[in-house]
Amino acid sequence: MKNRPVKYFLSLLLSSMVLIPFAAQAEPQYISSNKAKILKEPDFQAEMVAELVKGDQVKVLDQKGVWLNVSFAQKKGWVSKFLVKETPPNDRITVLPGDTETELKDVRRRASAITTAAAARGLAATARAEAGDVVVNMEGVRYMESFSVTSQELEQFSQPLEGGL
């Protein structure tokens, strides 16, 4: 009866020794960048072993800082961990609905132009006000925001003045 705890301990130890290598094996991971250089050493100046493309599967062997030691097609090398994901990359490309002529680079350019204009008009003024360069009368702003105009008043406003200027 005294040997029972020892037997449990030994069986637990043996089973863990058998199961740990299986648990330690890394799941496959995938290159998420269009191109990823696999290097001999964890250094951008190191010699290139291969160049993988988006979706290529690798097995992570080790990690050193931001570098992953990977194996692929009977080769080994180092790649930046920022170029590797646990899930296969999504090849979905989206464009604006109804605009078949739009390319993604044009969409980005237009968004940047809008963002720049908004920053120049609104955010820059806000930053100046916060820095104390501009005095803002918040009570006056709230007063102006409280006005509402009916559609009839708007129509009347848009009519030319009688007799001209």
Contour minus Cα-Cα distance for Gln57 and Phe82 (0.36 nm per residue): 7.5 nm
Ordering of 29-36, 139-146 by packing [mean C-beta count within 10 Å, highest first]: 29-36, 139-146
Would you pull out the residues with amide H under 5 Å of Val58's amide H, same chain only if 5 or more places away, H placed 1.01 Å from N? Gln29, Tyr30, Ile31
Separation of the Arg4 and Phe157 label points, Cα + 7 Å toward Cβ, nm: 9.1 nm
Along Cα→Cβ, 7 Å out, is where each label goes; now give me the distance between the ones at Phe147 and Lys64 in nm to one decimal. 6.9 nm
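Can you figure out the FRET efficiency of Ala46 with Asn90, using R₀ = 30 Å and their beta-carbon distance, to the nearest 0.05?
0.50
No lab work stands behind these numbers, since they all come straight from the coordinates. Note that this is a predicted model, so its numbers are computed, not measured. For neighbour counting, all protein chains shown are included, and Cβ atoms are generated from backbone atoms with ideal geometry for every residue, glycine included.
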